[in-house]
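Below is one structure; the comments refer to it alone.
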Amino acid sequence: MKPELLLQKAKQAQALAYAPYSGYQVGAALLCADGTIYTGCNIENAAYSPTNCAERTAIFKAVSEGQREFVALAVCAGKDGKTEQGCTPCGVCRQVLSEFCKPDMPIYLANPEGFDTVTLSQLLPRSFSL
Ligand code: THU
C-alpha cells in the first residue's frame, strides 16, 4: 500500500481527535498484514494522565480485534487540525508498538510538505523485551 493512502487515513482520524486541553490533534493509521487498516486519535482527559495517544488508540483497537501482525504506521498531527512538522510517537507508544511490530516497520510521519519515513528501531533502539 502506498504511504500516501495510509497518511490520508491518519489525517481523517486526526479530525476525530478529542483534544480540548492541548488543542493538539493527532491521527494514526495502522496497516495490518491482512490489509486491514485501524485508525486512532488522541483522546484527552480532564485528569490529563488518562489521555491516550492516537498511536495507542489504533494499536489497541487492532489487537483487541485479534490482529497481531503490522506492516506500517502513519501519523499526522498539529494544532487546529493542521499538519505540523515533528510529531513522532511518544516513548510509551514506542514501547507499545515494539511489543507487536518488527524493528524495521516503517512509520510515516506527515509534515506540511509531505512525509518522512523512519523505522521503529530508529525511534526505539535497543528496546526492552522479555
Ligand atoms: N499525542 C499523541 O496522540 N501522539 C503522540 O505521538 C504524541 C502526543 C497526544 C497526546 C496529547 O493528547 C497531545 O498529543 C499533546 O501531547
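The values are calculated or read from the model by the stated rules, or taken from the named source; none is laboratory data. It should be emphasised that the depicted structure is a prediction, and the values quoted were computed from it without experimental measurement. Positions of Cβ are generated from backbone atoms using ideal geometry, with glycine treated the same way; all protein chains shown enter the neighbour counts. Heads up: the accessible areas ignore ligands, DNA and RNA and are worked out on the full protein's heavy atoms, side chains in. Shrake-Rupley method; radii C 1.70, N 1.55, O 1.52, S 1.80 Å.
Couple of notes before you dig in:
- Per residue, the solvent-accessible area of the stretch 3-123 (1.4 Å probe, heavy atoms of protein chains only, all protein chains present) comes to 49 Å².
- Put simply, when 114-126, 31-43, 3-15, 83-95 are sorted by average Cβ atoms within 10 angstrom per residue, most first, you get 3-15, 31-43, 83-95, 114-126.
- Each of SER49 and VAL92 was given a label point 7 Å from its Cα along the Cα-to-Cβ line. The distance between the two points is 1.0 nm.
- The chain, relative contact order in percent, only Cα pairs under 8 angstrom and at least six apart counted: 21 percent
- If the segment from LEU130 to SER64 were pulled out straight at 0.36 nm per residue, it would be longer than the present Cα-Cα gap by 21.6 nm.
- Over the chain, all Cα pairs binned in 10 Å intervals from 0 give whole-percent P(r) values of 14, 48, 32, 5, 0, listed from short to long.
- Within the chain, helix-based [θ] at 222 nm, where runs of 4 or more DSSP H residues each add -39,500 (n - 2.57), nearest 500: -8000 deg cm²/dmol
- Taking every DSSP beta bridge that has both ends in the chain, the antiparallel portion is near 85%.
- Label-to-label distance, GLU4 versus VAL118, with points set 7 angstrom from Cα along the beta-carbon direction: 2.4 nm.
- Residues whose amide H comes within less than 5 Å of that of MET105, counting only those at least five positions distant or on another chain, are LEU120, SER121 (H built at 1.01 Å from N in the peptide plane).
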